[in-house]
Structure formats: structure tokens, C-alpha cells
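The next block holds one structure in the form of C-alpha cells; read it before the comments.
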Protein chains: 2
Amino acid sequence: MTADPLTDFSRLCVHTITTKGWELEEAVERYDEAGVSGITVWRQWLEGREPSKAGDRIRAAGLKVVSLCRGGFYPALVEKDREEAIQDNKRAIEDAAALGAPLVVLVCGAVPGQSLVESRKQITDGIAATLPLAESLGVKLAIEPLHPMYADDRSAINSLASANDVCDELNHPLVGIAYDVYHLWWDPDLEAQTKRTAQADRLFAYHACDWMTPTTDLLNDRGLMGEGCIDLRGIRAMVEKNGFDGMIEVEVFSNRWWDKPTSEFLQAIKQSYLDHT
Amino acid sequence: MTADPLTDFSRLCVHTITTKGWELEEAVERYDEAGVSGITVWRQWLEGREPSKAGDRIRAAGLKVVSLCRGGFYPALVEKDREEAIQDNKRAIEDAAALGAPLVVLVCGAVPGQSLVESRKQITDGIAATLPLAESLGVKLAIEPLHPMYADDRSAINSLASANDVCDELNHPLVGIAYDVYHLWWDPDLEAQTKRTAQADRLFAYHACDWMTPTTDLLNDRGLMGEGCIDLRGIRAMVEKNGFDGMIEVEVFSNRWWDKPTSEFLQAIKQSYLDHT
């Protein structure tokens, strides 16, 4: 199963962290010039800015605000820290609403040495505590299952099945999943779980990049699409067969690409989007 | 659920690669002096040696030969390379028999860009092709499911469920699983799959180490037991509850530890075995 090539940029969204050499204003201007259609704003890019004005600026440039990235990190050893995390997530939801982002992406968190079962419980409780606010502002929350190599301190939700389980437990139309090929590509259960995700109307976001061989850094050695081994068109075919037709968000953390001029990187993103995504 | 501390070294086995500063002869002598009970020999340690004589020497020192490490790497893009891998695995089985190792550990292999489904088929076929020889020599074959971060080029079998599936397909009493906490600790399905493994009488080997936060190298930054976040006594309790009472094999790839004197490392292994394993 393989998807047809993408032939235009109407579904191309870029994360501000991908082009981290640019502040928000420059990113917006350059994305617009390049024909990129959407932007996912990382919270650092809102620092010192009014989210509502940032949103206006983005829309004025003709770009769609796809997501705010990221909330999460609910688990902690003590109650006080968990409460702080909930407050921080409420701020993220308020910022998303002001920015006009329909969605907050959640990197759910984990505490080294705390059991993953306990961390998942704290994640579920943390999300539940922010749901009334999310509801009142109409902001969706997307759990991003992370690759198992981040189970120590970044997320206790390490498979699409596990993310679906938490969604089932919360059972709320605003709670869904951010589906990132980097975290999920290896999973033998991916096809069945993709179907489960889509059938529950919770495939909220789709992130693309690639897996490098060798990977020299656990965080910042992602590949641009086509540089690695992920069957990108196979996975896209799988989500599209299940009805997904949303934005394709390029989220590449790469010291190698970040060392190059950002405009060169954006050109490479566009090319790899057409050739390999 | 947590296991009682280990109070002696009767189940302690060390992999020769853990103490890679020592050649086989020195490792045998030092393990014996230290009261280590078993040794898992990596194939490089047999280079230039007669396996049968190496086995005699190990047994003369009172050590048990636990495994030969490692066969596997079956998948390849072309038939000729897959055939070569099968021949190499046959040599490993012959060497294990000559050494007196009851078991060959299999790091099953993967090819970047080839689908994991196809790689798993090639792995299954590859193991099947060596089974008549393994049978005639009475050598067991233990599939080691590897952490999903090795799904690109080291193994297409990335969970205990997946290893059990391949075992079910081969359905042979000599085919089982090498259970390594480093690869499996994050899995939400671990308890059920551990039970499935044990009930099928295929929990052939148990490897211990720890997961470092942060992990700075995908291959050679494992922790000594207690240095990281793995719930070692919880997992040991889980396998023991299911009847496992075999050797506990310390397999630590660590540039950090390898930079220290090997005798200091072995002392630390013994201490962490008592204190944290």
C-alpha cells in the first residue's frame, strides 16, 4: 500500500522548531513566500508576544494555525508539581485559544524511576483536570505517543495502543492523538491501531520526518523525509485509507540541518515533501 | 510486586563483552576469582580458539557456559546474502555445541528501508533453515527482541509479543526467547507477554542492565543495574512468578564503564547485582 505523491503544498505545515533559526515573524514571512500552507507554533515562539496578535499576523499572511506545541509533562513525584503542570497546561490551552490554534499537542511526560503505569494514571488525571477549560474554549488536546526510547523522562505513552487506551478512558471528543511517524513507524500493531484511532475520530494531527541510520543523538538527529528508513508513503496511505485528509506537519529536530542556513532547509523540506512524503 | 534481593552469586553470569578489556582466558580467571557462576561467550572471544577447548577451560574453572552470543542478522535484500547469513548461523550453532553452550542468542536483524513484515518473514525462514542442525546438536535458539530504537538495522523483532509470534509460527521446543530488560522494560504489555513466554516454556535467557537518563549513545550507554530507571526487581519478580529461575546475565555496553579498569567494573557489577538486581 503506497500513497500517491503530494503534488502541491496545500497540506504542508511546518513546525516553528523545525526552522528554529527564525523568530516567529520571520518564519511566517518565509513560509508564506515559500507557499507553505500551515504553521504549528511552539510555545517558545510566543514568548514576549500576544498570542492573539501572533494569530492575526499568521492569518494575515494566509497561513493556517495548525497546532500549539506543546503541553503535557503531567507526571511528577509530588502533588505540588503535578498541580503546577496542570496550571501550565491551562495556560497552553488559553494561549492556543488566543492564537486561534484548534489544538494543543501533548508530550505527556514521565518520571525516571516512577512506574509507567502510575505516570499514565497521572497523565490521565492531568488531562481530565484541564478538560473543562478546553471545553469552554473549544480547544482540542492531542496526546502524542512517543517512541519507547523516551519512556524514561518524556512520555509514559509509548505506542498508539497506549494513547488510544488513555483516550478511551477519558472518552471525550476533544481528546485525541497526534500521530508522528517517527514515534510509531516500528510498531507491528500500527495498522490495527491506526484504524482504531480513525474510527474513534481522534486522529487529530499527523507529523512527518524520518529515522536516520545510524541515529547519533536520541533527540536531535531526525532525518528529513526520504533521508531515512520510514515507509512514509505507506504510512500516509494507511491514515488516508482511514479517512485522514488533514495537514502534514514537518517536525524535524536535526542538529545537522540546524547548522545549515534555514532558507536552504526550507527548500529541502519542500523538495522532500514532494519526492518522499 | 518486587523480588527479594539476591544474596549470593550462584545465578550471576557475565557476558564477555561486558568485560571487554579481557580476553577469554583472563575473563575466565577473573570471573572465577570473583565468584561469578556463569559466562556468556561472545563469538569474537572464540576467534583463533578451538571452541571445545575454550569450553573445557571454562568448565575447569568451575564456570557454567550459559550462551553463545550471537547469531541472527538473517534479513538481506538479496538471496545470496540471506543464504550467507544462514551459513553463518549454522557455524554459530556448531560452535555453541563444541563450546558446550546450550543456547545461541539471536539478534535477528533488519534492513533499513525493507519492511519489518518482510524482515520478520526472512527471520522466520532463516531460523527454520537452521533448525535441523540445531536439533541434531541439541542447541537452543533464543530470539532476543530488541528495543524499537534498533528497528532500522538490528532487529525487526521489537517487542516480546512479536518474538512470541515468531516462536509460535516456528513452533519448536528449541526456539525461545532471550529476555533483556533493556529492550523490554517500557512495554505496557510486558506482564501478559511474560506469562505467555513462560507458559510456552520459552523463557530461555534473562539479561540485566539499566536505562540511563539521559542516554547519550544508542548502543554503548547502558547503565549498570541501579544506575538507571528500570524496575529491575519488579521485572525479576514477574519472570520468577512465572517460574524462571535461571541465570541472570549482566550485559552492559558502556563506553563510560569500559574506560575504567575492568577489575573495578567487575566489582561494581557484583555490588549492583546484590543491591539493585
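The values are calculated or read from the model by the stated rules, or taken from the named source; none is laboratory data. Owing to the predicted nature of the structure, the values given are computational and were not obtained by experimental measurement. Note: ideal-geometry Cβ built from the backbone for every residue, glycine included; neighbour counts use all protein chains shown.
Values as computed for the structure displayed
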| quantity | calculated |
| --- | --- |
| From the options A:86, A:123, residue that is out of contact with any Leu (no Cβ under 6 Å at 6 or more places or on another chain), surrounded by fewer than 23 Cβ atoms within 10 Å (Cβ to Cβ) and among the aliphatic types (A, V, I, L, M) | A:86 |
| Residue count, segment A:258-269 (criterion: buried (at least 17 other Cβ atoms within 10 Å of the Cβ) and either within 19 Å of the chain's Cα centre (by Cα) or assigned to a loop (DSSP other than H, G, I, E, B) (or both)) | 2 |
| Filter pass, residue A:2 being exposed (fewer than 13 other Cβ atoms within 10 Å of the Cβ) and farther than 29 Å from residue A:112 by Cβ | yes |
| Tally of residues being within 10 Å of chain B (Cβ to nearest Cβ) and β-branched (Val, Ile, Thr) across segment A:157-184 | 1 |
| Filtered residues of segment A:128-156 (kept if assigned to a loop (DSSP other than H, G, I, E, B), farther than 15 Å from residue A:103 by Cα, touching a Gly at 6+ places or on another chain (Cβ under 9 Å) and more than 9 Å from chain B (Cβ to nearest Cβ)) | A:154 |
| Any chance residue A:158 is without any contact (Cβ under 8 Å) to a residue 60 or more places away in the chain and surrounded by fewer than 16 Cβ atoms within 10 Å (Cβ to Cβ) | no |
| Selected residue (only one of B:36, B:41 is more than 22 Å from residue B:137 (Cα to Cα), at pLDDT 95 or above and buried (at least 23 other Cβ atoms within 10 Å of the Cβ)) | B:36 |
| In segment B:127-175, the residues that are over 30 Å from residue A:182 (Cα atoms) and in contact with a Phe, Trp or Tyr (Cβ under 8 Å, 6 or more places away or on another chain) | B:140 |
| Condition check for residue A:125: more than 14 Å from chain B (Cβ to nearest Cβ), assigned to a helix (DSSP H, G or I), farther than 21 Å from residue A:202 by Cα and not hydroxyl-bearing (Ser, Thr, Tyr) | no |
| Filtered residue count, segment B:57-92, keeping only those that are in a strand (DSSP E or B) and not basic (Lys, Arg) | 7 |
| Residue within segment A:244-256 that is among the β-branched types (Val, Ile, Thr) and within 14 Å of another protein chain (Cβ to nearest Cβ) present | no |
| Single unsatisfied condition, residue A:54 versus (1) among the aliphatic types (A, V, I, L, M); (2) buried (at least 18 other Cβ atoms within 10 Å of the Cβ); (3) not in a helix (DSSP H, G or I) | (3) |
| In segment B:202-213, residue farthest from the other protein chains (Cβ to nearest Cβ) [restricted to those that are part of a loop (DSSP other than H, G, I, E, B) and out of contact with any Pro (no Cβ under 6 Å at 6 or more places or on another chain)] | B:202 |
| Residue match in segment A:124-134 (condition: at positive phi, under 21 Å from the mean Cα position of the chain (by Cα) and of a type outside the set (Lys, Arg)) | no |
| Criterion violated by residue B:199 - all others in (1) more than 11 Å from chain A (Cβ to nearest Cβ); (2) in contact with a Ser or Thr (Cβ under 9 Å, 6 or more places away or on another chain) satisfied | (2) |
| Qualifying residues in segment A:103-121 (those that are part of a helix (DSSP H, G or I) and out of contact with any strand residue (DSSP E or B) (no Cβ under 8 Å at 6 or more places or on another chain)) - the one farthest from the other protein chains (Cβ to nearest Cβ) | A:121 |
| Sole residue being buried (at least 23 other Cβ atoms within 10 Å of the Cβ), more than 30 Å from residue B:121 (Cβ to Cβ) and under 21 Å from the mean Cα position of the chain (by Cα), chosen from B:104, B:65, B:28 | B:28 |
| Qualifying residue in segment B:170-189 (condition: closer than 25 Å to residue A:229 by Cα, of a type in the set (Gly, Ala, Ser), touching a residue at least 12 places away in the same chain (Cβ under 8 Å) and in contact with a strand residue (DSSP E or B) (Cβ under 6 Å, 6 or more places away or on another chain)) | no |
| Selection within segment A:214-236 - under 20 Å from residue B:214 (Cα atoms) and in a loop (DSSP other than H, G, I, E, B) | A:214, A:215, A:216, A:217, A:218, A:219, A:220, A:222 |
| Of the criteria (1) within 15 Å of the chain's Cα centre (by Cα); (2) under 15 Å from residue A:242 (Cβ atoms), which one residue A:197 fails | (1) |
| Residue B:95 more than 9 Å from every other protein chain (Cβ to nearest Cβ), more than 30 Å from residue B:54 (Cα to Cα) and in a helix (DSSP H, G or I) | no |
| Tabulated pairs, segment A:214-237, first within 11 Å of chain B (Cβ to nearest Cβ) and more than 13 Å from residue B:218 (Cβ to Cβ), second part of a strand (DSSP E or B) and of a type in the set (S, T, N, Q), C-beta under 8 angstrom, 6+ apart or interchain | A:223/A:254 |
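So that you can scan it fast, the table gives a plain yes or no per residue for (1) among the small types (Gly, Ala, Ser); (2) in contact with a Leu (Cβ under 7 Å, 6 or more places away or on another chain); (3) over 16 Å from residue B:38 (Cβ atoms):
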| site | (1), (2), (3) |
| --- | --- |
| B:204 | no, yes, no |
| B:213 | no, no, yes |
| B:223 | yes, no, yes |
| B:229 | no, no, yes |
| B:239 | no, yes, yes |
| B:245 | no, no, no |
| B:256 | no, no, yes |
| B:266 | no, no, no |
